[in-house]
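These notes are about the structure you will find just below.
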Amino acid sequence: ALEKGVWRFQVSAALREGHVSPRELCQRCLALIKSTRFLNAYISVAEETALKQAEESEKRYKRGQPLGILDGIPVAVKDNFNTAGIETTCASNMLKGYISPYNATVVQKLLDQGAVLLGKTNLDEFAMGSGSTDGVFGPVRNPWSYSRQYKEKSVPKSHSEDEESNWVITGGSSGGSAAAVSSFTCFAALGSDTGGSTRNPAAHCGVVGLKPTYGLISRHGLIPLVNSMDVPGILTRCVDDAAVVLGSLAGHDPKDSTTIQDNFKPFELPDSPDVSKLSIGIPKEYQAPGLSSEILALWSKAADLFKNAGAKVIEVSLPHTRYSIVCYHVLCTAEVASNMARFDGLEYGHRSEMNKSTESMYAATRREGFNDVVRGRILSGNYFLLKQNYENYFIKAQKVRRLIANDFLKVFGSGVDILLTPTTLSDAAPYMEFIKEDNRTRSAQDDILTQAANMAGLPAINVPTALSERGLPVGLQFIGRSFQEKQLLTVAKWFEKQVKFPMIQLEEGKWHNHDVFQHQKSASFS
């Protein structure tokens, strides 16, 4: 159907009606991955298995027995989820060449629904970072760097400088997944979210990024960073698609004792959501230092949209927000130190040639396998966990974490339904700017608006809202009550309809496969 001059069809319906076959769809996506290789979004592409899965899907459609709405839909998965038969590297030398004997539960659930797994996406090493610039396979480039919207606004000093130093980062650590969805190479992707790693790149790449409630989706097979905060994240081009993927992933998993015991009922979002009876909270502490005036103005405009639709918009306070970054640093590094102990060169992954003694082999393996960022976090974490520091750092941080979670409980207990906040402090930074500061400084700045939701285990979603003055995407974040994903996504869908975020317009020269791209130009699959 033609809608506002943009050709857009629902791929799932097109598959059902035979307008396109799963194999054709898969081939188009694979062709696009090849022609957008310069983005460095994928670490490995599973072309053979993807085509096999697409053929199986095609047989099911021919029999009139598709497995559901995800059957034949091409997806990508962040390279810190285990995938049987496909390398899982975490973008680290430590796991180069490692092939897991099993699938992560979320990957298995996607495959059981007939989704076609195209490949594994790039990230910061072991998901530690907020730029997707620190992995061993090199940085991911934001597709919007090559959009007409950005090119028209950025004035290069010279042509060569324009191409090589003007590109902007995707955000992180799930930057590969966000870039893959944004550049149309897949229809949905999995990320992980420990302090904002799904929502941050979603904001910078102009896609929807959902971090579900802690415990709603299984972490089994997600290589852990911070067990008490990690959640598999969902990246799609529209809110409805995120709801569909959530429906197929959520629920109890006997292999993950932190998942909910109750059965999860997948839901459909209303076509015309109504927000008039809702109360929207605006947390004053989220006017953080460094928040760009552009985002502040957008935030206030969004609040007005809700007000004009009859919703109650009130300023609320989350007083312990300002302690959350230091608290997060202590808890994150402590859990990282514990989790990284498994990489010792004995069972799997890299093993050093150093064989003077077991201890020297351990030390050399970890020195060769981990980058500075990972080693730095392990050192910090072990320092906080020393007997003499444990009470002063780790235990105190746990208490502060409880206070942060209680802040949210109080606000939601006072009648507020949803919180509206910015997702990032600004639009995406040019790569050359971004790498001037070290990973720890960058992560502390970039996580400030997102990681409190992880500390409290709450669901949160980034919705692309507008383009900045530089022609780059900016998103806003909605935070909901625990396990109230339906309400959160309904509000996000209403907001998405109001803001009508523009479609990325890619430069034809850079995207060699223009015919393929024309076919892919659909916002959603559902």
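The values are calculated or read from the model by the stated rules, or taken from the named source; none is laboratory data. This one's a predicted model, so the numbers in the text were calculated from it and none came from an experiment. Virtual Cβ from ideal backbone geometry, glycine too; neighbours counted across all protein chains shown. Surface areas here come from the heavy atoms of the whole protein model, side chains and all, with no ligands, DNA or RNA. Shrake-Rupley method; radii C 1.70, N 1.55, O 1.52, S 1.80 Å.
Summary of computed values
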read-out: Net lengthening on full extension, residue 47/residue 323 (0.36 nm per residue, minus Cα-Cα); value: 94.7 nm
read-out: Taking the range 1-141 and dividing mean pair separation by its residue count, relative contact order in percent (alpha carbons under 8 Å, at least six apart); value: 27 percent
read-out: Calculated over the range 438-500: convex hull of Cα atoms, volume per residue (Å³); value: 84 Å³
read-out: Sequence-distant aspartates and glutamates (8 or more away, or on other chains) whose Cα lies within less than 19 Å of residue 307; value: 274, 315, 417, 496
read-out: Kirkwood hydrodynamic radius over Cα pairs of the range 69-131, then Stokes diffusion coefficient at 4 °C and 1.567 mPa s, in µm²/s; value: 107 µm²/s
read-out: The range 99-243: C-alpha gyration tensor shape, a/c 1.5 cut-off, then a/b vs b/c; value: prolate
read-out: Antiparallel bridge percentage (DSSP; both residues within the chain; nearest 5); value: 70 percent
read-out: The range 21-97: trypsin sites (Lys or Arg not before Pro) in DSSP loop, at most 13 other beta carbons within 10 Å; value: 63
read-out: Whole-number D in µm²/s for the range 186-279 (Stokes-Einstein; Kirkwood sum over Cα pairs; 20 °C, 1.002 mPa s); value: 151 µm²/s
read-out: Alpha carbon centroid spacing (whole Å) that separates the range 209-270 from the range 25-103; value: 20 Å
read-out: By accessible area with a 1.4 Å probe, ligands and nucleic acids excluded, highest first: order of 344, 304, 372; value: 372, 304, 344
read-out: Förster-model FRET efficiency, 45 Å R0, residue 507 and residue 341, C-beta, rounded to 0.05; value: 0.45
read-out: Sites matching GluC sites (Glu not before Pro) across the range 263-343 that sit in DSSP coil, with at most 15 neighbouring C-beta atoms within 10 Å; value: 268
read-out: Percent breakdown of C-alpha pair distances by 10 Å bin, ordered from the shortest bin, for the range 348-432; value: 13, 20, 24, 26, 12, 4, 0
read-out: Over 20 Å between alpha carbons, listed pairs 52/265; 211/493; 277/486; 34/78; value: 52/265
read-out: Virtual spin-label span in nm between residue 372 and residue 20, 7 Å along Cα→Cβ; value: 4.4 nm
read-out: Rg(Cα)/(2.2 N^0.38 Å) for the chain, N = residue count; value: 0.92
read-out: From phi via Karplus (6.51, -1.76, 1.60), per-residue ³J(HN,Hα) for the range 89-101 in Hz, x at Gly/Pro; value: 10, 6, 6, 10, 4, 4, 10, 4, x, 6, 10, 6, x
read-out: Structure-based [θ]222 nm, the chain - -39500 (n - 2.57) summed over DSSP H runs of at least 4, per residue, nearest 500; value: -11500 deg cm²/dmol
read-out: Heavy-atom accessible surface of the chain: percent carbon and sulfur, 1.4 Å; value: 51 percent
